[in-house]
Amino acid sequence: MTAYAELQTTSNFSFLRGASHAEELVAQAKELGLSALGVCDRNTLAGVVRAHAAAKKHSLKLLVGARLDLTDGTSFLCYPTDRAAYGRLSRLISNGKADAPKGECHITPADMLAHAQGQILIALPPEELSSAFEAHLTRLCGLHPDIYLAACYRYQGRDRERLARLAQMSARTGAPMVAVNDVLYHIPNRRPLQDVLTCIREHVTVQIAGFLLASNAERYLKAPAEMTRLFKGFEPALARTLEIADRCQFSLDELKYEYPDEPVPPGKTPQQHLEDLTWAGAQTHYPNGAPDKVKTALQKELALIKDLNYAPYFLTVHDIVAEARRRDILCQGRGSAANSAVCYCLGVTSVNPNEISLLFERFLSKERKEPPDIDVDFEHERREEIIQYVY
């Protein structure tokens, strides 16, 4: 039996198109024995976060990507091979949404190519395999080295002929043919739900939808054995799914928070600057010297902040609060941050740690593996000023 990785999967984060949750798709892919699963929602990366969590739970390799629907009517699956390429894909989609009305995303072929370094692009052929599409694909193959041609079994009576024509187009253009199944749901009985989503999207009822609806219920995840049967005679197209999966080494686990370095004076590290601000704030709050209880708390907190490298985060919050104070804008830190002596000395919160029993671990601990949550309220009449300052 030939192994197989599904590279064209749409989740419910493709609005009114996908009829299954990312978690359902991942669980079904694992049960079917797929080698990997690629989630590629339309002009968005929204579905990959839940898919990533589910893939880790089920020990399944996840390919993070997006389907790019371009302004010229063509579409490509885009899979970044590394962290830098993922950043380019994120910027491409962000720019496309910023340049379009709300709910739309305008990406041109030139935009895609400008961000294509490190990306694997899989061209999705139109229903009619025209010479114009072939010419366009040939041109793109000359501009980017990693373009493939998707082949999908449509169950329309002439699929073998279509696969053969795609294989010939692949040979002429230089874009290797790769098998996909254009998945919209994880199991066949989700087809009625997908029909309803289509009707909502097209503003029609099920009774009059007609050819707007899919002609069959085959847009579900299929086992490797079934894909092998469908693509008999085109086995290299199946093997390429594994090649692509092997090349896509990016994981969302590589992402981490990146904080501004602007609040740090030249010649100082973020940790040094944070410690200087903290002890200066302690001197302001306790002119006669900080009590031993507070000193012990500050030393403990600063050591943990250094160990977790969160100093830039605290400096960012301090910078925003300090600007609000400078503009005489009312603001107040609240929530679990009140358990932090450092936040008090920075002026973020107003609860004197010498007068209460702090539970710092409620605010920050090594086990959480993520920065603490510092909530700050600003007076609503002037909140926009602070938002603009952040920008």
- [ ] Six or more apart or on different chains, Cβ under 7 Å: which pairs go from a residue in the range 12-29 that's within 12 Å of G47 (Cα to Cα) to one that's part of a loop (DSSP other than H, G, I, E, B) and of a type in the set (S, T, Y)? Could you list them?
- [x] N12/S20; F13/T44; G18/T10; G18/S11; S20/S11; H21/S11; A22/S11; L25/S11
TODO: Considering only residues that are open to solvent by less than 30 Å² (accessible area, probe 1.4 Å) and touching a helix residue (DSSP H, G or I) at 6+ places or on another chain (Cβ under 8 Å), look in the range 87-115 and name the one that is farthest from L143 (Cα to Cα).
DONE: C105
Open item on the list: Going residue by residue through the range 195-207, is there one that turns out to be more than 18 Å from G18 (Cβ to Cβ) and in contact (Cβ under 8 Å) with a residue 40 or more places away in the chain?
Closed with: no
TODO: Would you please list the contacts, defined by Cβ atoms under 8 Å and residues six or more apart or on different chains, that run from a residue in the range 254-281 that is over 18 Å from P372 (Cα atoms) to a residue that is at pLDDT below 95 and acidic (D, E)?
DONE: E262/D319; P263/D319
- [ ] Run down V348, V317 and say which single residue is surrounded by 12 or more Cβ atoms within 10 Å (Cβ to Cβ), touching a strand residue (DSSP E or B) at 6+ places or on another chain (Cβ under 6 Å) and under 20 Å from W279 (Cα atoms).
- [x] V348
- [ ] Report the residue count in the range 18-72 for those that are of a type outside the set (A, V, I, L, M) and open to solvent by less than 60 Å² (accessible area, probe 1.4 Å).
- [x] 17
- [ ] Give the residue that is least open to solvent (accessible area, probe 1.4 Å), with candidates limited to residues of the range 353-370 that are in a loop (DSSP other than H, G, I, E, B) and among the charged types (D, E, K, R).
- [x] E370
Task: All positions within the range 66-101 that are outside any helix (DSSP H, G or I) and of a type in the set (A, V, I, L, M) - done: A66, L68, L70, L77, A100
TODO: Check the range 209-218 and report whether any residue there is open to solvent by less than 40 Å² (accessible area, probe 1.4 Å), of a type in the set (F, W, Y) and under 30 Å from S130 (Cα atoms).
DONE: no
Open item on the list: Can you go through Y148, Y185, Y155 and tell me which one is in contact (Cβ under 8 Å) with a residue 60 or more places away in the chain, at positive phi and not hydrophobic (A, V, I, L, M, F, W, C)?
Closed with: Y155
- [ ] Kindly provide the set of residues from the range 275-322 that are outside any helix (DSSP H, G or I) and not hydroxyl-bearing (S, T, Y), ordered by number.
- [x] P287, N288, G289, A290, P291, N309
Task: In the range 163-187, the residues that are of a type in the set (G, A, S) and either within 18 Å of F13 (Cα to Cα) or open to solvent by less than 40 Å² (accessible area, probe 1.4 Å) (or both) - done: A164, A167, S170, A175, A179
Open item on the list: Which residue is nearest to G335 (Cα to Cα), if the candidates are limited to the range 371-382 and must be touching a residue at least 12 places away in the same chain (Cβ under 8 Å) and open to solvent by 30 Å² or more (accessible area, probe 1.4 Å)?
Closed with: D375
Open item on the list: Take T296 and tell me if it is closer than 26 Å to T269 by Cα, open to solvent by less than 40 Å² (accessible area, probe 1.4 Å), polar (S, T, N, Q) and out of contact with any Asp or Glu (no Cβ under 9 Å at 6 or more places or on another chain).
Closed with: no
- [ ] Kindly indicate which of T198, T241, T278 is modelled with pLDDT of 95 or more, touching a strand residue (DSSP E or B) at 6+ places or on another chain (Cβ under 8 Å) and surrounded by 13 or more Cβ atoms within 10 Å (Cβ to Cβ).
- [x] T241
Open item on the list: Can you confirm whether T81 is open to solvent by less than 40 Å² (accessible area, probe 1.4 Å), modelled with pLDDT of 95 or more, closer than 24 Å to N181 by Cα and within 17 Å of the chain's Cα centre (by Cα)?
Closed with: yes
Task: Check on T205, among the hydroxyl-bearing types (S, T, Y), loosely packed, with under 13 Cβ neighbours inside 10 Å and over 30 Å from V342 (Cα atoms) - done: yes
Open item on the list: Residues that are aromatic (F, W, Y) and over 26 Å from V390 (Cα atoms): does the range 266-288 have at least one?
Closed with: yes
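The values are calculated or read from the model by the stated rules, or taken from the named source; none is laboratory data. All values derive from a computational prediction rather than experimental measurement. Here the Cβ is made from the backbone with ideal geometry for all residues, glycine too, and neighbour counts use every protein chain on show. For the accessible areas, the whole protein counts, side chains as well, though only heavy atoms, and no ligand, DNA or RNA atoms are used. Shrake-Rupley method; radii C 1.70, N 1.55, O 1.52, S 1.80 Å.
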